[in-house]
Structure formats: C-alpha cells, structure tokens
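Below is one structure, written out as structure tokens; the observations come after it.
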Amino acid sequence: SNPTASAELKVALATAYVNLGEREKARAMAAAAFAEDPQSARARVLQVQIALGEKRVDDAMRIIDETLAVHPTSAEAWDLKADMLVTVKDDAPGAIAAYETVLKLEPWNLPVHSKLLTMAFSSKDRAAAQTRLKGLTEVAPGSLPHQYFSARMALANGDLQAAQALIKQALVEYPKDLRSLLLSADMDLTAGSLRTAEEALSTALIVGPRV
C-alpha cells in the first residue's frame with residue numbers, strides 16, 4: 001500500500017470532520033495521517049488548524065514553524081502562517097512577508113493576492129495597493145478579484161463614477177459576489193442613488209449566508 005496516498009485520504013476525511021465541527025474525530029484522523037506519513041505537509045497543516053480551533057495558539061505556532069522547517073516550499077503552510085500572524089500575533093509586516101513567499105511559490109494564488117490588497121487598502125497605503133493591483137493584473141486580468149480591487153483603486157483615487165462602472169461590470173459576471181454587492185451599495189449610497197443601493201444591499205442580505 002501507498003502510505004502517502006493513504007495519509008492524504010485521512011487528511012481529507014479529517015478536514016471534512018473539521019468542517020462539520022467534529023473535533024474529536026478530526027483530531028484522531030489527523031493524528032492517524034501524521035503517524036502514517038510524518039513528512040506530509042498537509043497532515044501538519046491540518047494539525048495546526050485543529051490546534052487553532054481549540055485555542056492552542058502556542059502549539060499551532062510551534063507546529064507551523066516545524067512544518068516550514070521541513071517543507072519550506074509549502075505554499076499552504078506559508079499561507080496559514082501568514083493568516084496566523086495577522087489574526088493571532090497582529091504582525092502585519094511578518095504576515096505580508098509570508099504572503100509574498102506564497103506568491104513566489106504560486107504567483108496565481110488569487111486568495112493571497114486578495115489578502116495583500118485588502119491589507120494595503122485597510123492601512124490606506126495607496127501606493128502599496130497600486131503595486132499589488134499591478135501584480136494581480138499580470139496574473140489574472142479580468143478575474144473577479146481584479147475587477148473588485150480595480151473598483152476599490154478607482155474609489156481610492158477619488159473617481160467614484162469609474163469605480164461604480166467597474167463594480168457594476170463585475171456584478172454582471174458575478175451577480176452574487178457578496179463583497180462586490182456591499183461595495184456597490186456603499187458607492188450608490190455615497191452617490192445618492194438610494195434605490196440601487198437598496199437593491200444591492202437586499203441581494204447581499206440574501207446571498208450573504210451562502211458565502
């Protein structure tokens with residue numbers, strides 16, 4: 001039998017248990033996967049996720065660092081470490097460096113592009129946002145994240161009309177994207193278009209629980 005394949009199946013099952021809130025089963029299956037293939041990066045990452053779910057933050061940080069020592073090219077592990085640095089350690093510079101490592105390994109990783117852009121906009125660093133948007137444009141022009149953040153960039157530059165046009169186009173292609181709906185409602189409200197703002201917000205409230 002192939003221990004790696006068997007361990008991967010156990011990881012998949014443990015992940016399903018995590019999503020169902022079955023922590024005991026998830027922990028047991030993750031431990032079984034790790035015992036079967038101690039070199040599995042996915043099994044280690046899953047152990048980190050379980051530790052975080054159980055509020056064992058120090059254990060989670062220790063395991064993720066051990067994982068990266070063994071698997072320095074695991075984009076999944078770097079992504080998770082970055083998430084932890086943001087949410088647990090409030091270490092934005094460290095998180096940015098870790099996310100950038102992910103993009104060196106996986107330049108097409110759209111969720112990580114989105115995280116970096118969100119951080120840039122949240123810190124009101126327009127220059128960084130522009131640089132991040134250029135990077136996203138190079139790998140995924142016309143994608144939903146590209147359209148959404150292009151609208152936010154136009155808004156940051158003070159061009160409300162262009163921002164509205166960009167987000168409306170995004171919603172033509174992705175009519176149930178929650179963050180685009182919320183941005184559209186916000187901009188319509190700013191522009192005094194109460195009816196269209198209400199329509200976007202109503203749709204957002206309907207699709208929100210599904211997102």
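Miscellaneous remarks
- Within the stretch 127-197, helices (runs of 4 or more DSSP H) holding 3 or more residues that are within 23 Å of residue 103 (Cα to Cα): 144-156
- Restricting attention to the stretch 29-52, the residues that are open to solvent by less than 60 Å² (accessible area, probe 1.4 Å), among the small types (Gly, Ala, Ser) and farther than 22 Å from residue 84 by Cβ total 1.
- Options 170, 204, 156, 163: the member that is touching a Ser or Thr at 6+ places or on another chain (Cβ under 8 Å), farther than 30 Å from residue 72 by Cβ, of a type in the set (A, V, I, L, M) and surrounded by 14 or more Cβ atoms within 10 Å (Cβ to Cβ): 170
- Candidates 184, 123, 114, 180 - the one that is closer than 29 Å to residue 44 by Cβ, touching a helix residue (DSSP H, G or I) at 6+ places or on another chain (Cβ under 8 Å) and not aliphatic (A, V, I, L, M): 114
- Of all residues making up the stretch 126-149, the number that are open to solvent by 20 Å² or more (accessible area, probe 1.4 Å) and either among the hydrophobic types (A, V, I, L, M, F, W, C) or in contact with a strand residue (DSSP E or B) (Cβ under 8 Å, 6 or more places away or on another chain) (or both): 4
- The sole residue among 92, 98 that is open to solvent by 30 Å² or more (accessible area, probe 1.4 Å), modelled with pLDDT of 95 or more, among the small types (Gly, Ala, Ser) and over 27 Å from residue 189 (Cα atoms) is 92.
- Leading residue by the ranking (surrounded by the fewest Cβ atoms within 10 Å (Cβ to Cβ)) among those in the stretch 173-201 that are acidic (Asp, Glu) and farther than 27 Å from residue 141 by Cβ: 198
- Of all residues in the stretch 44-91 being more than 24 Å from residue 119 (Cα to Cα) and among the small types (Gly, Ala, Ser), the one that is farthest from the chain's Cα centre (by Cα): 69
The values are calculated or read from the model by the stated rules, or taken from the named source; none is laboratory data. Not measured: the values here are computed from a predicted model. All Cβ positions, glycine included, derive from the backbone under ideal geometry; neighbour counts span all protein chains shown. For the accessible areas, the whole protein counts, side chains as well, though only heavy atoms, and no ligand, DNA or RNA atoms are used. Shrake-Rupley method; radii C 1.70, N 1.55, O 1.52, S 1.80 Å.
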